[in-house]
Structures are given as C-alpha cells and as structure tokens.
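Please read the structure below before turning to the comments.
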Amino acid sequence: MAKVHVTTTINGEPMEFLCEPNDTMLDALRGPLALTGSKEGCASGDCGACSITLDDRLVCSCLMLAVESEGHEIRTIEGMAQGDKLHPLQQKFLEMAALQCGICTSGMLMASDALLKRSPDPTEEEVRFWLAGNLCRCTGYDKIVRAVMDTAAEMRAQ
Amino acid sequence: MNLVTNNKWIGQRTIRPDGMDKVTGRAQFAADTTMPGMIWGKVLRSPHPHARIKSIDTSKAEKLPGVKAVVTSKDIVDFTIEKGAVMLGIQDMRWMCRNVMAREKALFPGHPVAAVAATTEAIAAEACKLIEVDYEVLPWSIEIDDAIKPDAAILHEFNKFDGKPSNIAGRLEHKKGDIAEGFKKADIVIERTFTTRPVHQGYIEPHACLISVAPDGKTTIWSSSQGQFMVRAMTSMLTGIPQSDIRAIPAEIGGGFGGKTIVYLEPLATILAKKSGRPVKMVMTREEVMRATGPTSGSKSTVKIGATKDGKIVAAHGTFYLQAGAFPGSPIRGAAGCSFTPYDVPNLLSEGYDVCSNRSKVAAYRAPGAPIGAYAVECVLDEVAEALKMDPLDFRLKNAAKEGTKAAHGPTFPRIGYIETLEAAKNSEHYKAPLGKLQGRGVASGFWFNAGGESSAQVNITEDGNVVVTTGHPDIGGSRAGIANICAELLGIDYSRVSVIIGDTQTVGFSNLTGGSRVLFASSMVVTQSTDKIIQTLRERAAKIWEIDPEAVKWEQGAAHPVSPNAGQFEPLTLKELAEKAPAMGGPIGAGVQLNTTGADGGFGTHVCDVEVDVDLGIARVIRYTAVQDVGRAIHPGYVEGQLQGGVAQGIGWALNEEYIYTREGKVDNPGFLDYRMPVCSDLPMLDCIMVEVPNPKHPQGVKGVGEVPLVPVMAAVANAIYNALGKRFYALPMSPPKVLEVLEAPTQQAAE
Amino acid sequence: MTELRYLAPGTLDEAVGAFAKAGSAARILAGGTDLLVQMRSGVLKPGVIVDIKKIPEMTTIEQAADGGFRIGAAVSGMALHDHKTFGKVWPGVLEAVNLIGSKQVQGRASAGGNLCNGSPAGDSVPAMVAAGAIVTVQGPNGRRELKVEDVPAGPGRTNLKPGEILVSFALPPRPAGSSDAYLRMIPRTEMDIAVVGVGVSLTIKDGTVTAARVGLGAVAPTVLLVEDAAKALIGSKLDDAALAKAAAACSAACRPIDDKRGTIAYRTKVAGVLLKRTAAIAAKRATQKN
C-alpha cells in the first residue's frame, strides 16, 4: 500500500511529508517531519505531552490522523520561540523552576499558551482546570501554575 | 526559613543548564534519537500470569519480509539459580536475566518471551503474532494473602521458607530491647492492620532505547535510565559483551523515581542489533509500561505501638509483608528500617517479609518501602496520640529521635534535623489556620536513609577561561543546576560561565545510580574536590608568575590575589588570564576525582495536610498541604522545593486514587492513564514547602539528600486528615470515593484485631 | 502495509455513499478522540475512514428564528463553547460536551461522536436526553429523525442502520424560565470517565416546575430517560420531598455493573445524590433567567 503525500503548514512554514493513512499527527511529527519536541506519553489522549494547535485550537496530536493536517495550520513547541527570543511563558518556566525532567514541558507550554490567548486573566482554578489534560509527575504542578499566572500578569501589563 | 543567603550562587534560584533545550523542545530524550539504518524492535509478552514455557517456535516470524532478527531467552546469558546470587548493587542477576526475558516460566501477564526487530514497528508487531509459544498454564496468585496460603502455586520451587517451598522469598528484622517487656509497661496499646495496593512510579516517558552494535561488537546504547553505568553493566552481563566495548549514553530522562534503575529493553535491543547488524530502537507503549515494568509493592502491615500515659512510647512491633512480584526483592529494607526511625523506641521489633506473586517484578519507587511502612506507623501514632489526648506533633516531639538516639537499623544518629521539622510544622501558619465544615487536618513524619556511593567528575578550564564540569549521574531533579551553583561559588565566577554535562560510560568515571537521594550529595563532593584541586593549580600558577610561595596566594572572586600586601603588590590574575597562560605554564588546567562517597545522612520530614470531604459522594480533596523537611543545605531552593512538591503529589495520588486493578484472569485492568488515576493539575492545591537547614557536617556544602523523604509521610498525613474530618479511620489505600462512602456508611468502627 | 483508505468528502451524499459502500469496514471520523484510541489499541481495524469534517452541515451551529438550535454532529466542544448564544440557552448541554476528556480533547470531540461511540458513560448524552434533542440521520434510504434517547442500543452500539450517518442535533426552542444542568461523579476533578452522569432540564413558572426531563448515564447498558424522576419533579416546587422522590426514581432506574470505575452499590447511591444537585443547579439557572 502506498504512503499518502500530505501538504500542510507547520509553524508558519509550508511542509510536505509521506505517511501511512493510519499514522497519527504525532507519528508524522516525530517521524518524517523530525519534530520531536512533541512527546508520546500514552498515545491515547490522556497525558497531553503531544499537545499542538490545529488552526489555533489546542489538540492532542496523537488523536488526529496525520492526513487530516492537509490544508490546515499546525503549530508545535518548536514554533513557540522566535529565533533566539523565548516566549514569555518559556522564560517564566525557566525562571520559576516550572519544569524538572521536561517530558511534559512541551505540552504544558502549548496548553498554557492556548489558555492565555483565550483568557488573558485566568484565576488559579481556571489555570488548573485548563491544564488538567497535561500530566506532570515531577512537579506537583505548583510551580507550573504560578509560572502561568505570573506570565499572564506580565503580559497584561505590557 | 533559615536559608543561608549570603552566598552568591549557593542558595540562588538559577536557571537550570538543561532548561533551554527543554522549553524549546530541543532536549533529546531516548525516543527522540535516530540512527541511519535504524530498525524497530517489539516484544512478545506472555498472556498468562503463570505458565511453564514448553517451546517457542519463531520460524514463521523469521520468514516475514522485513524481519531482521529474533531473540529468545536462548540469546540471553543465563545466571543459573543453583549457582547462587550474583549481585549488581541490590539486583540479583539471576532475576534480572529472567525478568528481561522469561526462561523456564512466564511469571506475569506481560512477561517478555521473545523479541523481534524489523524494518517498521508494524512489521515487528506482526512478526510477534507469528511466534508460537507452547504454554502449560499454571495456577497463579497475585495478592499477598493468596500467595502465602499453604496451597498457593509456588513461583520458584527452589525458594524455601521454614524448610518448604514457599512464595516468601525472604525475611529481615531489626530488633532493639525486648518488646514483650516493653508492652507490659504500656498504658495504651494500639494494634492495627493496613493494606496498600501496588502503585506505579508513573513517569510520563515510557522506557526507550536505541542501540547500535558494530561487527566488532562495539556497542553504543542511547537510553532512558537512571544510571548509564548500570545499563552498561547489566547489558554486559546479560549479553556477554565486555563492558569496555559498551558505550552507554544517558539520554535526558523523562522521569524515573526509581523505576528506571534497572534495564528492560536494552539487553534485548542489543542482541537484536548484534544479530541484524542494524541499529535497533525499542520504545515501550504506555500499556507495556503499566503491565510489564515494576510498580512498587502492594502490602499488608500490622503495627502495634505501646505508650505510657505521659506520652512515652515504650514498645513497638511492626510486621510488613510486601509484594515482590515475579522475582524476589521487595523493599522490605525500607519498610522495616525506616518506619519507626524518627522515634526513640526502647523496645522494638520491625520485621519485613518478601512475598513473590504473579505480577510484574517490583521496581524501586522513591524511598522504596518506607512510604508503605510509614503509612501504617504514622496512622497508629495518630491513634495513640488521640488516646493520650495529646497533640500529634507534641506526641512526636516527646518521642523524637535526636543526636545520640540509636536507630533500629543500626546507626546512632549524629546531629539530625527531625525535631526542627516538627517545630517548624507546629509553628507554621498552616497548623494554626482554622478549619471549616467537613474539613480535617492530619500530620505525619517520615525518614529515609539517603545514600552516598560512587561518583566521578571532571572539571576542566576552557582555553577562554570558562568551566566545563562533567558528572556521572543522569539528572532527574535539577542536579546540574545545583552543581553549577557550587562550582561557580567555589571559583567565584558568574554562574553562566559554568557548563555542566553528564558524561557517558566512555567519557566519565564510574558513577553509581541516580537514586537514593544521592546525586547532588555525591556529585557535588567530587566536583568540589576537583574544583579545589583546580584552585590549588591556579594558585600555584599565579605564585610562579609572581615568584612567591603558593601559600601566599589566595583565590577569591574569580581571581588569584596575594594573601596580604606583605606578599607583594600584584594585580589579581583572573581565571581567564591564567587559562590563556596555561600552555606556557604547565599545560591544561583540569582535575578529576573518583570517590566512593560517604557521610550521607538520613533525611526527615514532617507534613501537615488539610482535606475536605464531600460526604455524599465520598470524595476527599486535599485543600492545603505543607511539607517540612530538613534539607541540609538548599543549594538550589527551587529544585529542592520541586522534590518536596513532586513527592507530595505522588503521595496524594497513592493515598486517594492510584491502584493496580486486576481482572479475574489476573491481568492488569487499568494499564493506562485513564484508569490509573494519577493527580491532575486541578486535583491539587498549591504545595507549600518549609525547608529547614541543618547542614550535614560531613559534606563540603552541608548537603543532605532530599528527593525521597517527601513521599514517605504523605499517605498517613492524608489518612489522618480524613479521620480528623470524618471521625472514621481508614486502614486500606487508596481512600477512593466508593471506599470512603463504604466506611462512612458502615455501622461500627473497625475494631482492633 | 496497511489497507486503510482515508476519505474526506465534501458533501453528505458522497459521505453516505462511501460509508454505505464500505459496509462494516468503514468508520466515521469526526473528532477522532474515540476512533483513534480504539485503532491504536487494536480494538478496531477499519478499512475505510470517512472524515465528515469537510461537510458544512456537520460542522455548523445554527439558531433558528424560533430560538431552536441545530448543531452539526461534528461540531467540537470548543466550537460549541465559542458560539455566542448557545451556552446561554443550553448551559447544561454545553458543560456536558465540555466535560469530555481534556481541553485538548474538547478541541476535537463532538456530541455526535460521543453519542455514536455508544458508551453508556458518554458525558454529552444524558444532557442531550434531558434536552429532548432530536437527531437527524442520513443513510442510503434517505433522512429520518430519532429521539436522541432512542439512538444508543447498548455498550458500543447504536440503533443507526447500516450506512446511516448522524447529521445533526435539533434542540427545541426554550420556553421562558427554562434551563438545564449536567453533573457527573468522577473520582478526580477531571480526566475520568463518568461513574454516574445526570442531565436535568427544567421549566419553572412562578416557582413550580411545569416541565422536566432527566437523563441518567453510566448506570445501565444505555443512557436512560428517567420518566419517573421527571414526573416527581413536575408540579412540584422542588421541595425536599419531590427531590427525594426523583432521586429515588433515579436510583431505582439504575442497572449498573461493578467495574474498575465503580460498584453497583456506589453508582446506585450516587445517582440519587447527583439528581438532587443537578436539579438544584438547573433550577437556579432557570429562575435566574426569569
């Protein structure tokens, strides 16, 4: 069976790749696209480590077929910084020790960014419930939530 | 909080060296790597909990187009049981060789029986289905009570207890005084039995490795592990390839908590790579992780504590049965050795029993055994305190271990910080805060041994006057940041000028596992000694330039200075200047140290937990939590807090919702994150930390291990809080909603006995 | 290696044609949050996947002049959330759809997929049942309508005929003084499958309940419309006695199983507890709107 040829846009760049029809977007990102920043923790949509945006909507890349990306806009962790200029969330995560092993960090940042775009002034409860789909086993979430709220405050002040 | 803050870098919340790569998605975890010509490996696993393997026919699999190699136990080095134990650290290689691939018997559902490498994952999986295994299915048991029944199916016939084949693989005890006499003196005696379920370490990154074996046997292993030297040693012992031919490179690790202190895939991938001549990548699925890697023990513990009416503990007896899983080796040492250790108990018997049963072999989990034992002991202490009408922290203060107390597991304590944690908990804002309706507060303490052990490091000064530190331990908590803080402090230079990397088995000296709360303790010792040697060299070089005695040179703020104007009027010589002059002055500036570090002190913590219970649905939620711990010296407070918070979160999951659930056929029914219920962000409140610093006098910066203690007191703190809210005690974990409702609706309280 | 074909037709007729032609080998792809998990675990091995997200009728939300809503079967929870008026009129349906999984899942998961997956615990279904939704399906023999509570046939099964695709949900116009709510019991705060789910829709006039519907999920092979619970509420002022009677009716309607998510005893008790809480929320919303 021949592979499918897909044309899509990733982090603002047009890209093409080949994949099996039943490959997920995560398979495609980590395989032919060599964008390994999105991680596989469960392949069943329960951990959020594979979070990306599809047309600016936060989704699990493991729950989407790679072929579905045809004609759409995909954004991944690799597109969050602009060259060597970090996104405020990335900077804050570093400053506030909001990561340890780092395996959940890509997904946490994508999810946090999606939240702040919709809700620039979230309460602690809103942050926690928004990030419920991103499992972290190292931090207990405390510093992550603080980093997101501090970033939100800073971004509002700008 | 009495953190030392007059240091420039020690105690500062610097940016971790590996952080940039992790926030940008550039960090390379084991599953992120590829090699040219790479193929994929998959494992065929037993569907049966217990079965004799009569034959394995791999011929059809080998013929499938795309298949490049097949492995069975024939390819793994056998460590014959009759020849006796072959120990690598705490692991007996007789069990390791059988754990990575079943030999005579499959001992749990998920036990590997064969492995295949093929050009795609799909072909490898298809090939596994073509392997024909002839099993003779045997009766099985999983739970401790079932495994120790007289008629239980025995996993290992050679294993004898009381002269008969048994699933009890071992017993240990710690004894002090005479408990029979001690209990006679008690005015209050409380005895309770507790059960806990197996829980998984829950690292988000599944096990993964990529291995290449050249035709001459030179092997490169890239894997997710808590010890590249352990990976090298185990792979060497299980494949026969000499250690010097194996380069084990530690990838960034996505969580371990003890679960990655042994190998599962590496020996299989190595043999597949050797046979196929291609690099082989193997990545576990989440389901494989949950079924076939080691959660910790389920347990059954009975604890009896006696105290006089003025609040002194006079006697204690603990019996701790822990599941080992398919092979001997449950953490009874931690359960029996740590649970009573925070207290000065004159008469004590603490016994641990290691019980084999048909579930995956236990792997270490953050202070292995200690949380299980502490759950039982700290809950009974709560009942004793209540019977004595004493505040639970006061009761612990009255009986607290201190300098000079002889611990049951042997040592006499030097200066320790346990009492300080109790006092800090008592004086905390949290402890004084009022509680509302259906809210309750519980406290508990805990201890963990902490380890020292082997560590190697090299510190090298670059030609442009900066520093590269190579250490030997995978970084699972933030140790690189701590090491950079220390090195920058010692050299008196800016933190940004220090680069810390983790070497592999070919590039750094032997360093023992990342675990036992030892990485910063051990690595900072050897880094400090290496840096001290470098400072000595720098002083000598400056002395030579100035033509004075090296004793007249001091190193301060990143430069060599004369000790006093009497020594001479010289402009300081900076690190950069001396580095530039190095070739002319004797050569490269660097030093390495390898040590078996000693002097690690145990760690103590005291926790305060508030819960609120929805009594109609049985849901308990933790609404406030404070972890107090003697951390020795917080080299990087952010990452020390991170260890406290992470351990607390795991403990809350263990207390409330995490458990292994089995089907009637003996298989894991919840091998995924949907039904293996770890805490999510919305489940937890902010987790407050109070770091008490009682520096370790045997360590150059006063460091004590911090990573494991935080898990030890949590389940008891939560259980005691729920009791405070509801007036009902829980003697089984997890305290999930149906269990809470059951207890609430039960007509009478569980009686002692 | 795989024989899977992926199709993304632009019209419903094409979709029905392809779906019907492939027979039992075909699966519909909306959000994929159930389908992809089942494919990955090996439970399902479809030969044809028909992606319906390019069909406008499937992905749009319309409010008619009379106030009724038509929601395309593939509309995601997030899209439903972002609609300007839907959540004001049907807060219970909205919160039910947006309790499915995580925010990531809600970016894709749809009420149509949730219903057709046939899980007795699907969060959106009790709320849709309480709302009195009518679904439109289209198949080789044309269009027809079903009451939403008549769609589930058992765990993993629906009463849709071969080749039929769920097209949309129609929610009726709301009389004044109406609102709804959905609550579920899960052990954590998020990310669990419902142990019990209750949807309640009420119309209240001068303090008295004039209309009520109760949907009950995860306690039987299909989601239940509990008419006895509704009867107990209608004509009452939601006093303790009426609520107790309705709660008892919910508990009585339970035919649950013991599984890794809950026991029979627990589910039966919780059904009653949740009914009271859900009805109270729906009532508060209904009377606030007055």
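The values are calculated or read from the model by the stated rules, or taken from the named source; none is laboratory data. The model shown is predicted, which means the values in this text are computed figures rather than measured ones. With ideal geometry, Cβ positions are generated from the backbone for all residues, glycine too; neighbour counts draw on all protein chains shown.
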Seminar exercise, completed: Being in contact with a Pro (Cβ under 9 Å, 6 or more places away or on another chain) and more than 30 Å from B:Ala401 (Cα to Cα) narrows B:Ala248, B:Ala315, B:Ala292 down to just B:Ala292
Problem set entry | C:Lys88 vs. criteria under 23 Å from C:Lys231 (Cα atoms) and assigned by TED's automatic domain parsing to the domain that holds C:Ile71 | no
For this session: Go over the candidates C:Gly42, C:Gly47 one by one and state the one that is at positive phi and surrounded by fewer than 18 Cβ atoms within 10 Å (Cβ to Cβ).
Result: C:Gly42
Exercise. What pairs can you find where one residue is in the range B:144-167 and farther than 20 Å from B:Lys300 by Cα, the other is at pLDDT below 95 and of a type in the set (S, T, N, Q), and their Cβ atoms are less than 7 Å apart, with a gap of 6+ or different chains?
Worked result: B:Pro165/B:Asn159
Exercise. When B:Ile123 is evaluated against the numbered criteria (1) under 20 Å from B:Pro47 (Cα atoms); (2) surrounded by 16 or more Cβ atoms within 10 Å (Cβ to Cβ), which criterion, by number, is the only one it fails?
Worked result: (1)
Seminar exercise, completed: Flagged in the range B:523-567 as β-branched (Val, Ile, Thr) and part of a loop (DSSP other than H, G, I, E, B), in numbering order, are B:Ile548, B:Val563
Seminar exercise, completed: Among strands (runs of 3 or more DSSP E) entirely inside the range A:1-118, those with 3 or more residues being touching a helix residue (DSSP H, G or I) at 6+ places or on another chain (Cβ under 6 Å), modelled with pLDDT of 95 or more and within 11 Å of chain B (Cβ to nearest Cβ) are none
For this session: Just name the residue that is farthest from B:Thr193 (Cα to Cα) out of those in the range B:291-317 that are within 22 Å of the chain's Cα centre (by Cα) and among the polar types (S, T, N, Q).
Result: B:Thr293
For this session: Considering each residue of the range B:296-340, count those that are under 19 Å from B:Gly516 (Cβ atoms) and outside any strand (DSSP E or B), and give that number.
Result: 13
Problem set entry | Spans of helices (runs of 4 or more DSSP H) in the range C:1-97 with at least 1 residues more than 19 Å from the chain's Cα centre (by Cα) | C:12-22, C:35-41, C:56-59
Exercise. In the range A:3-32, which residues are without any contact (Cβ under 8 Å) to a residue 24 or more places away in the chain, among the aliphatic types (A, V, I, L, M) and either touching a Leu at 6+ places or on another chain (Cβ under 9 Å) or buried (at least 22 other Cβ atoms within 10 Å of the Cβ) (or both)?
Worked result: A:Met15
Exercise. So, of the residues in the range B:417-463 that are touching a Gly at 6+ places or on another chain (Cβ under 7 Å), of a type outside the set (Phe, Trp, Tyr) and assigned to a loop (DSSP other than H, G, I, E, B), which turns out to be surrounded by the most Cβ atoms within 10 Å (Cβ to Cβ)?
Worked result: B:Asn450
Exercise. Tell me, which residue of the range B:156-185 that is part of a loop (DSSP other than H, G, I, E, B) and either in contact with a His (Cβ under 6 Å, 6 or more places away or on another chain) or among the small types (Gly, Ala, Ser) (or both) is surrounded by the fewest Cβ atoms within 10 Å (Cβ to Cβ)?
Worked result: B:Gly163
Exercise. Somewhere in the range B:620-628, is a residue in contact (Cβ under 8 Å) with a residue 24 or more places away in the chain, touching a Gly at 6+ places or on another chain (Cβ under 7 Å) and either more than 10 Å from chain A (Cβ to nearest Cβ) or aromatic (Phe, Trp, Tyr) (or both)?
Worked result: yes
Problem set entry | strands (runs of 3 or more DSSP E) within the range C:135-186 that include 3 or more residues touching a residue at least 40 places away in the same chain (Cβ under 8 Å), away from every other protein chain (no Cβ under 14 Å) and out of contact with any Asp or Glu (no Cβ under 7 Å at 6 or more places or on another chain) | C:152-154, C:165-171, C:178-185
Exercise. Inside the range B:383-402, can you point out the residues that are touching a strand residue (DSSP E or B) at 6+ places or on another chain (Cβ under 7 Å) and part of a helix (DSSP H, G or I)?
Worked result: B:Glu383, B:Val384, B:Ala387, B:Pro392, B:Leu393, B:Arg396
For this session: Identify the residue in the range B:635-652 that is more than 9 Å from every other protein chain (Cβ to nearest Cβ) and modelled with pLDDT of 95 or more and, among all such residues, is surrounded by the most Cβ atoms within 10 Å (Cβ to Cβ).
Result: B:Gly651
For this session: Filter the range C:99-113 for residues that are under 11 Å from the mean Cα position of the chain (by Cα) and not aliphatic (A, V, I, L, M) and give the result.
Result: C:Ser110, C:Gly112, C:Gly113
Exercise. Regarding B:Gly647, is this residue touching a Gly at 6+ places or on another chain (Cβ under 9 Å), touching a residue at least 60 places away in the same chain (Cβ under 8 Å) and small (Gly, Ala, Ser)?
Worked result: yes
Exercise. Which of the following residues is small (Gly, Ala, Ser) and either touching a residue at least 60 places away in the same chain (Cβ under 8 Å) or at positive phi (or both): A:Ser61, A:Ser112, A:Ser69?
Worked result: A:Ser69
